[in-house]
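Report on one structure; see the data block that follows.
Please treat every number below as a calculation from the coordinates, not as lab data. Just so you know, these numbers come straight off a predicted model, no measurement behind them. So basically every Cβ, Gly included, is an ideal-geometry build from the backbone, and we count neighbours across all protein chains shown.
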Amino acid sequence: MTKPLEGIRVLDLTNVLAGPFACHQLAHLGAEVIKVEAVGRGDLARNLGADPDLSAKGMGISFLAQNAGKKSLTLNLKDPRGKEVLKCLVAGADVLVENFRPGVMDRLGLGYDVLKSEAPHLIYCAISGFGQDGPWAHRPAYDQIVQGASGVMSITGDAQSAPLRVGYPLADTVGGLTAAMAICGALNAEPRGAFIDVSMLESVLATMGWVVSNHLIGGVEPQANGNENPTSAPSGAFQCADGLINIAANKDEQWDLLAKHLGRDDLIAHTDFATREDRKRNRLRLKAELETVLTKRPARDWARELNKLGVPAGAVLTVPEVLQHPQIRDRDFLARFDEIPDVGKAIDLMRIGAMIDGKRPSVDAPPPVLGADTKDILTALGYGAEVIEAMRKEGVV
């Protein structure tokens, strides 16, 4: 398969999640990604994750998750020689991604204006919590901070549990996807060269179109609706014999099919459930009526039958359950790497959530050990062995 970004070189100066996740997408699409890491420390994610032994080795699970296929170069950007190495890399690169706080790269003497003078074609992407300007620009931003500031937590959970954090780093991953999308767009422009300012806060808000628009246009105060879909009923999560099932009978014909299949034809003509608006107003009573039948059988049995009828439904699965399902297992979503230095065991990692011409974009190499490619990259830039060794001894690389 021809990889869409083959021949594109990306310098990844990012840490932890939003930036590395953006470059993870680009690597799988074929870009050469050089991860520029701090000497002796590397990406903080190298020390994070559920396996303490791997974290102690600098190959933490949080790092492994989104750094496959990248090369690792260690570089001290505070040293003039480190700055010079980066400028040499920039001259031959197409994209640079960083997620420092606004102003950090300028203080290092490596801001966009400086690097643009070295490489006018450079696409420079800065990812931050709140953007490069504004009253919050210099605030530290972690995923949960952005989730709270964006309003996401206020609408997650129900009346009793909200505000509630989404169960994975939503703001980081959405920010990373936004950056990857913007970079791919900029790569398509002629002439090339741009400064991309990605705000995690704005990236999250941009995905909240229905909630935000219902407020701005419809005057509706956003609320936490738990597992209920406020736009229709019956639409939400319902109790079965062994767990929950999601049912989205959003069309009148789907509602009729659902009620008849459950043997509750009586509900169709009931005045409290006659129209969509009636069902929305009385959704909790309707939910209770449907659960008198749904609780008699397992969720997956109901899901198979309802989907066959044309009523969208699906059992609520755990993460291990969905990963073991043929829908994921048989579509080449997971990649196995058998031998990884400092890991000592085979690991499975996720690829990206898209297929191109029926094939899943992938990378060949596992996540790199810290500084694994430093010597090769410097040699390719023209640095001799003695100079490289001297820089290593002096902490420049």
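Some observations on this one:
- For K287, a cut-off of 14 angstrom between C-alpha atoms picks up these aspartates and glutamates, skipping any fewer than 8 places away in its own chain: E228, D272, D278.
- Using a Gaussian network model of the chain in which every pair of alpha carbons under 10 angstrom is joined by a spring, one finds that among E98, E32, E339 the greatest mean-square fluctuation is at E339.
- Here the label points at E190 and A206, each 7 Å from Cα along the C-beta direction, are separated by 2.5 nm in the simple model.
- In straight-distance terms, cross-link reach from K87 covers every one of the lysines whose alpha-carbon lies under 19 Å from its own, apart from those fewer than eight places away in the same chain; here that gives K35, K71, K78, K116, K375.
- Proximal lysines to K308, defined as alpha-carbon separation beneath 21 angstrom and excluding residues fewer than eight positions away on the same chain: K251, K260, K296
- A Förster radius of 22 Å combined with the Cβ-Cβ distance from E221 to V166 puts the calculated FRET efficiency at roughly 0.65.
- Rough spin-label spacing in nm, given labels placed 7 Å along Cα→Cβ, for T295 and I328: 3.0 nm
- With Cα atoms, 0 to 90° folded angle of helix 299-309 axis to the chain main axis: 80 degrees
- Mean separation of Cα pairs under 8 Å and 6 or more residues apart, divided by the residue count, gives the chain a relative contact order of 18 percent.
- When only alpha carbons are used to place a centre, the stretch 232-265 and the stretch 300-354 end up 25 Å from one another.
- Helix 170-187 axis versus longest C-alpha principal axis of the chain: approximately 60°, rounded to the nearest ten.
- Each pair of Cα atoms in the stretch 18-122 enters the Kirkwood radius, and Stokes-Einstein at 37 °C and 0.692 mPa s then converts it into a translational diffusion coefficient of 223 µm²/s.
- Estimated purely from DSSP H runs of n ≥ 4, each contributing -39500 (n - 2.57), the mean residue ellipticity at 222 nm for the chain is -10000 deg cm²/dmol once divided by its residues.
- Per residue convex hull volume, Cα atoms of the stretch 235-316, in Å³: 72 Å³
- Angle between the chain longest axis and helix 252-261 axis [Cα atoms, degrees, rounded to 10]: 70 degrees
- With all projection directions averaged, the alpha carbon convex hull of the chain covers 23.2 nm².
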